[in-house]
Amino acid sequence: MDRKRVNKRLGDILLSAGRITQSQLDLALKKQAETHKRLGELMIEMGFVTEDALQESLASQLGIRRVNLSQTNIVPEIARSIPREVAERHTLIPLYEENRRLVVAMSDPLNIYAIDDVHFITQRQVEPVIASSASIKQAIAVYYSQQTTDKAIEDLKKEYSELLNSKSDQLSDEVQSAPAVRLTNSIITQAITIGASDIHIEPFEAQIIVRYRVDGALQQGPKIPPNLYSAVSTRIKIMSGMNIAEKRLPQDGRIEMEHNGKPYDFRVSSLPTVFGEKIVIRILDRGGSIFKRSAMNFSDEENEKIDRLIKMPYGLVLVTGPTGSGKTSTLYSFLSELNTPEKNIITVEDPVEFMLEGINQVQVNVKAGLTFATGLRSILRQDPDIIMVGEIRDEDTAEIAVRSAITGHLVLSTLHTNDAPGAVIRLVDMGVQPYLVADALIAVMAQRLVRKLCPICKKMHVTDEYEQRVLSLSEPAEIFHAVGCPACNNTGYKGRLAIHEIMTIDNSIKLLIEKGGNSELLREQARKSGMVDLYESCKSVVLRGITTTQELIKTVYAKL
């Protein structure tokens, strides 16, 4: 089939479906003669048709299936059965074999040259299916990223074995050469592609292990030969502004770079170990984070409580939980709602993780003497309406935050405690008088993140006796368990959601705080006042088939 017949067929399909007019088709064909782009791509660019409408018409007229790649079980070996360059050039990716045919997701199933290329390379009959170009590009990035890293390792092995085997501690310009740069970049790129929050590069005696933290759990990445690690670690240090000659002391650094047009910030930490420096890189997506409360999994009742709390003119609201439990994201979602021209909002953070338009954000700089406490004192002279303190770590910060809340400011902050009642005890332990805590505090929210079951491979089963005991059920119930498939990297989980307990400080709890009541008494009274604790919150998402009893046990059960 030649190009003119393909173009005419696509035009006829869209005309018969009523998606375009004859004049629009004529204009697109004229422009195509000038640009030599594919007709469908041009009509989308010219605004004559959306990609979704074009694919819907093709699927209907040609009898070709449309697939959602995020819900498709892609076989990694099949996906990589053609070179990456071919996949990217034609915007396609092989998915799996079916009835002795290779099922290939394509953005343009009329591209006979692409089908011919895949057939020639794989020597298999091709069955095209339709998928969006964005989802195909994402799949290509995911399934070819490991291949790119492996190739970079091999290149570095070949070109720099003599340099990296030498015992010289001096940096050679060659360490910044193409193979070292490619390997370092491919490790970072693979992490971004799979949605990792952290990269761990860990030196051991026989090998260097790279692991990625995805949805709160570490996953195995590439393994690097020990003699190549010097080039990688030096490259990361140069990128992050660390001292490349210092290998005996911990260091911190920062990298700013773009990937696919999106800005990313990387916080880098090195730690000397027996076999060399362990490097951990925290990934912060500065361009892609939109903080909305609707994404935080609050129930209707919890949303009603939060609506009341964040509209209070003054008081202290705390979000508690371990590191990585999404506390900052929750506070940012509140600030995004409160951010109006009438409000002067100032934050003091260590570090400023995400930039919020219209909000004055202050970065802690301990070396320069700018701590949470000194920053908070200065903020109070800036006529603030709302203050966000990244974390209350010491007595000075706690005292100033509490007194700021009492003197007419709404103060939001985080605290490292296991549950909501524990925050009260922690503030008192820091040296804040109980009567001040009772007067200032209006609510404490404890938060955890649990992994969500992969929607493609999760399986239903009936609870056994142990699960009934864990879930406090009187009779068996149908729940789901994790299985694992290529779509979730064989973990059984994909994505996370937050669970909460919100303790609002009513008069009965204020009296307990002033009397020095312990956390158990506070918890009991909070439950009487309507608090749904972390266990009950997590139990509800287990029974709704969103997560598993294993996640409940790991996250909250041990704390009961």
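The values are calculated or read from the model by the stated rules, or taken from the named source; none is laboratory data. None of these values were measured; they are calculated from a predicted model. Neighbour counts run over all protein chains shown; Cβ positions are idealised from the backbone, glycine included. Ligands, DNA and RNA are excluded from the accessible area calculation, which covers all protein heavy atoms including side chains. Shrake-Rupley method; radii C 1.70, N 1.55, O 1.52, S 1.80 Å.
With respect to the numbered conditions (1) in a strand (DSSP E or B); (2) among the aliphatic types (A, V, I, L, M); (3) more than 23 Å from Ile194 (Cβ to Cβ), which one is the sole condition not fulfilled by Ala105?
It fails just one condition, (3).
State whether the residues of region 302-314 include one that is open to solvent by 80 Å² or more (accessible area, probe 1.4 Å) and touching a helix residue (DSSP H, G or I) at 6+ places or on another chain (Cβ under 7 Å).
So far as region 302-314 goes, yes, one or more of its residues are open to solvent by 80 Å² or more (accessible area, probe 1.4 Å) and touching a helix residue (DSSP H, G or I) at 6+ places or on another chain (Cβ under 7 Å).
Give the residues of region 118-139 that are closer than 18 Å to Pro83 by Cα and open to solvent by 40 Å² or more (accessible area, probe 1.4 Å), sorted by residue number.
Across region 118-139, the qualifying residues are His119, Phe120, Ile121, Gln123, Arg124, Gln125, Lys137, Gln138.
For region 439-450, indicate whether the set of residues that are within 14 Å of Thr549 (Cα to Cα) and surrounded by fewer than 20 Cβ atoms within 10 Å (Cβ to Cβ) is non-empty.
No; the residues of region 439-450 include none that is within 14 Å of Thr549 (Cα to Cα) and surrounded by fewer than 20 Cβ atoms within 10 Å (Cβ to Cβ).
What are the pairs, 6+ residues apart or on separate chains, where a residue within region 55-71 that is in contact (Cβ under 8 Å) with a residue 40 or more places away in the chain has its Cβ under 8 Å from a residue that is surrounded by fewer than 17 Cβ atoms within 10 Å (Cβ to Cβ) and assigned to a strand (DSSP E or B)?
Close Cβ pairs (under 8 Å, with a partner that is surrounded by fewer than 17 Cβ atoms within 10 Å (Cβ to Cβ) and assigned to a strand (DSSP E or B)) amount to Gln55/Arg66; Ala59/Arg66.
Looking at Ile425, Ile400, Ile406, Ile456, can you tell me which residue is hydrophobic (A, V, I, L, M, F, W, C) and surrounded by 22 or more Cβ atoms within 10 Å (Cβ to Cβ)?
Details: Ile425 fails: surrounded by 22 or more Cβ atoms within 10 Å (Cβ to Cβ); Ile406 fails: surrounded by 22 or more Cβ atoms within 10 Å (Cβ to Cβ); Ile456 fails: surrounded by 22 or more Cβ atoms within 10 Å (Cβ to Cβ).
Among Ile425, Ile400, Ile406, Ile456, only Ile400 is hydrophobic (A, V, I, L, M, F, W, C) and surrounded by 22 or more Cβ atoms within 10 Å (Cβ to Cβ).
Would you check which residues across region 199-235 are closer than 16 Å to Val274 by Cβ, of a type in the set (Phe, Trp, Tyr) and either in contact with a strand residue (DSSP E or B) (Cβ under 7 Å, 6 or more places away or on another chain) or without any contact (Cβ under 8 Å) to a residue 40 or more places away in the chain (or both) and list them?
Selection gives Tyr229 alone.
Quick one: how many residues across region 236-253 are touching a residue at least 60 places away in the same chain (Cβ under 8 Å) and either out of contact with any Asp or Glu (no Cβ under 9 Å at 6 or more places or on another chain) or not in a loop (DSSP other than H, G, I, E, B) (or both)?
2
Answer yes if at least one residue in region 39-57 is out of contact with any Lys or Arg (no Cβ under 6 Å at 6 or more places or on another chain), over 19 Å from Ala134 (Cβ atoms) and part of a helix (DSSP H, G or I), and no otherwise.
Checked against the condition, which is being out of contact with any Lys or Arg (no Cβ under 6 Å at 6 or more places or on another chain), over 19 Å from Ala134 (Cβ atoms) and part of a helix (DSSP H, G or I), region 39-57 yields at least one hit.
For region 21-32, how many residues are part of a helix (DSSP H, G or I) and either among the polar types (S, T, N, Q) or open to solvent by 70 Å² or more (accessible area, probe 1.4 Å) (or both)?
Residues in region 21-32 being part of a helix (DSSP H, G or I) and either among the polar types (S, T, N, Q) or open to solvent by 70 Å² or more (accessible area, probe 1.4 Å) (or both): 8 in total.
Considering Leu415, Leu376, which residue is touching a residue at least 60 places away in the same chain (Cβ under 8 Å), buried (at least 17 other Cβ atoms within 10 Å of the Cβ) and of a type outside the set (Ser, Thr, Tyr)?
Exactly one of Leu415, Leu376 is touching a residue at least 60 places away in the same chain (Cβ under 8 Å), buried (at least 17 other Cβ atoms within 10 Å of the Cβ) and of a type outside the set (Ser, Thr, Tyr), namely Leu415.
Taking Glu56 and the conditions (1) closer than 22 Å to Pro455 by Cβ; (2) open to solvent by 40 Å² or more (accessible area, probe 1.4 Å), which numbered condition does it fall short on, given that it satisfies the others?
Of (1) closer than 22 Å to Pro455 by Cβ; (2) open to solvent by 40 Å² or more (accessible area, probe 1.4 Å), only one is false for Glu56: (1).
Under the condition of being open to solvent by 40 Å² or more (accessible area, probe 1.4 Å) and hydroxyl-bearing (Ser, Thr, Tyr), which residue from region 459-490 is nearest to Leu543 (Cα to Cα)? It would help to see each step written out before you state the result.
Step one: list which residues in region 459-490 are open to solvent by 40 Å² or more (accessible area, probe 1.4 Å), which gives 459-462, 464-466, 469, 472-476, 478, 480-481, 483, 489-490.
The next check asks that each one be hydroxyl-bearing (Ser, Thr, Tyr); those that pass are 466, 472, 474.
On the way: Tyr466: 15, Ser472: 11, Ser474: 14 Å.
The selected residue is Ser472.
Look at region 512-528 and say how many of its residues are among the polar types (S, T, N, Q) and surrounded by 15 or more Cβ atoms within 10 Å (Cβ to Cβ).
Applying the first criterion (among the polar types (S, T, N, Q)) to region 512-528 yields 518-519, 525.
Next, only the ones that are surrounded by 15 or more Cβ atoms within 10 Å (Cβ to Cβ) stay: 519, 525.
Residues in region 512-528 being among the polar types (S, T, N, Q) and surrounded by 15 or more Cβ atoms within 10 Å (Cβ to Cβ): 2 in total.
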